[in-house]
Amino acid sequence: MATIPNVDFKKRRAPDFPSAALPLLQDAQLRSNVRHATGVIQGKRARVVSEMPDWQALRDAGQRIRAHTLEHLDIYLEQFEQRCIAAGGHVHWARDAAEANRIVLQLAQNRTGRIIKIKSMTTEETGLNRALEAAGIRPVETDLAELIVQLGHDKPSHIVVPALHKNRSQVRELFSRTMNLPQLGDRPEDLAEAARVYLRRQFLSTPVAVSGANFLIAETGGVCIVESEGNGRMCLTLPKKLISIAGIDKIIPRFRDLEVLLQVLPRSATGERMNPYNSLWTGVHPGDGPEEFHVVLLDNRRTEVLRDPEARETLHCIRCGACQNACPVYRQTGGHAYGSVYAGPIGAILTPQLAMMERGQSLPYASSLCGACYEVCPVKINIPEILIHLRGRVVTGRPKVLRAFHPEAIAMRAMQWMFLRATRFSMAQRLGRIAQRPWIRQSGWIERLPTVLGGWTRTRDLRPLPPQSFREWFQARSHASMPSQNSSEAPHD
Ligand code: SF4
């Protein structure tokens, strides 16, 4: 199996996307799993979206809610804090991942040495599981896909479906091995039953739960989580202590904003009209649910993202994953190539900003700029525009001399020189035809190019330049059909 790279948030570096993608592109099983799963979700999404005559109006409303929230984020965050405390909750502010983990570690100590967790990309971002394990606390993932990832010592490859790169028989093999169930079948109900039995024991005996949050409601101080399996509801109601960790961008102003967001989120995420479980809770209520409730509000450079007017739209994201399912690059490589919990188009714009990756980082280039992500985004984030903006930041971040002599800059200047005159262009074509001859194989394709050009043929074969360009063909045809002055042949009508 290919090794899975990961962002080192401490060094603020991410692996180079092309090198990370290469071994994954050679894993036929993984590519087939990813293509199949994203295709199924895309089909379901298209069906439920087509039922909504006001879909575009809902997207506009979602965009307005998110833009308004981020413009007044300071006000809404303070409002959330006041209302949450008034309802009996505790609010903690974390500047970065390390601080968030420290807060959770202090709160999570308990006699069982264990906590249960609801799927949370924010805790993946902070590396909470590693921090807990290092402190001797065992985190138990209760979402089925996260459990698969955890038992397999794997990494999530999708925001909504973290184990999307695994198929049913791989999951059966994993459960059978790690849960000691040699007779386990591979029907969905067999796998669900195995997970249910395994998890039920944890739900009933663990006094602390950690969750993420889909939305934090400023008006009420409440938290909203949507999910499909009911594991979230168990974690939110059974333990004595609940700790929710959420990025500061998860705020929404009013309860009624959920009317829009809870329509667009499930349709975009899993192709469902409504999530099977929508949990909303505010503070604590004696005799009902956890006795202690904490919210950790995480910045981790989100305020830096907010300062960039051209990229701040990134924070509008409601983590539906629709852009991942639609992205032709993600569908080929899967999520691990992005080296971060946030894969696909949203990862290509969010990770570079959160991880403050240095010069030469490659994620904004992990896109064909086809715009499929923008088309499906329920809150209309213009991801292609942000990708171009971030590419600009990568280039302008290089020293001037490196910028001028970068192979890409030299190639662009040469192209500019060539395209300025038709004679230069046709001369380049003629030279190209001669230069390519040694590289054309018997199959008629170019399978390998030398030196820096080799990147073009590393993962695909190239069709050679044709023996005649369109312009040459057209000129030859015109000459052939032009009547000579002495010709007695009458032109056709
Ligand atoms: S960028 Fe848009 S489509 Fe992608 S995960 Fe975020 S909300 Fe969904």
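Screening Pro364 with (1) in a loop (DSSP other than H, G, I, E, B); (2) away from the ligand (no atom under 12 Å from the Cβ) gives one miss only, at (1).
Name every residue in the range 328-350 that is in a loop (DSSP other than H, G, I, E, B) and of a type in the set (Ser, Thr, Tyr), in order of residue number. Those that are in a loop (DSSP other than H, G, I, E, B) and of a type in the set (Ser, Thr, Tyr): Ser340, Tyr342.
If only residues of the range 258-279 that are more than 15 Å from the ligand (Cβ to nearest atom) and charged (D, E, K, R) are counted, the one that is farthest from Leu73 (Cα to Cα) is Arg273. Entry remark, the range 77-122: residues being buried (at least 22 other Cβ atoms within 10 Å of the Cβ), within 26 Å of the chain's Cα centre (by Cα) and not in a loop (DSSP other than H, G, I, E, B) number 7 in total. Scanning the range 313-350 for residues being over 24 Å from Val40 (Cβ atoms) and either within 13 Å of the ligand (Cβ to nearest atom) or touching a Cys at 6+ places or on another chain (Cβ under 6 Å) (or both) gives a total of 6.
When we screen Pro450, Pro384 for residues that are modelled with pLDDT of 85 or more and within 30 Å of Thr38 (Cα to Cα), the only hit is Pro384.
Check Ala163, Ala209 and return the single one that is away from the ligand (no atom under 16 Å from the Cβ), surrounded by 24 or more Cβ atoms within 10 Å (Cβ to Cβ) and modelled with pLDDT under 95. Within the list Ala163, Ala209, the selection yields Ala163.
Quick check: anything in the range 351-359 outside any helix (DSSP H, G or I), among the aliphatic types (A, V, I, L, M), closer than 29 Å to Gln26 by Cα and away from the ligand (no atom under 12 Å from the Cβ)? The answer is yes, given that some residue of the range 351-359 is outside any helix (DSSP H, G or I), among the aliphatic types (A, V, I, L, M), closer than 29 Å to Gln26 by Cα and away from the ligand (no atom under 12 Å from the Cβ). With respect to the conditions (1) modelled with pLDDT of 95 or more; (2) surrounded by fewer than 24 Cβ atoms within 10 Å (Cβ to Cβ); (3) assigned to a loop (DSSP other than H, G, I, E, B), Val379 falls short on a single one, namely (2). The residue that is farthest from the ligand (Cβ to nearest atom), among those in the range 377-398 that are basic (Lys, Arg) and in contact with a Lys or Arg (Cβ under 7 Å, 6 or more places away or on another chain), is Arg398.
What strands (runs of 3 or more DSSP E) completely inside the range 239-313 contain at least 1 residues that are modelled with pLDDT under 95 and either buried (at least 17 other Cβ atoms within 10 Å of the Cβ) or aromatic (Phe, Trp, Tyr) (or both)? Hits in the range 239-313: 277-281.
The values are calculated or read from the model by the stated rules, or taken from the named source; none is laboratory data. All values derive from a computational prediction rather than experimental measurement. A quick note on method: Cβ atoms are made from the backbone with ideal geometry, for glycine too, and the neighbour counts reach across all protein chains shown.
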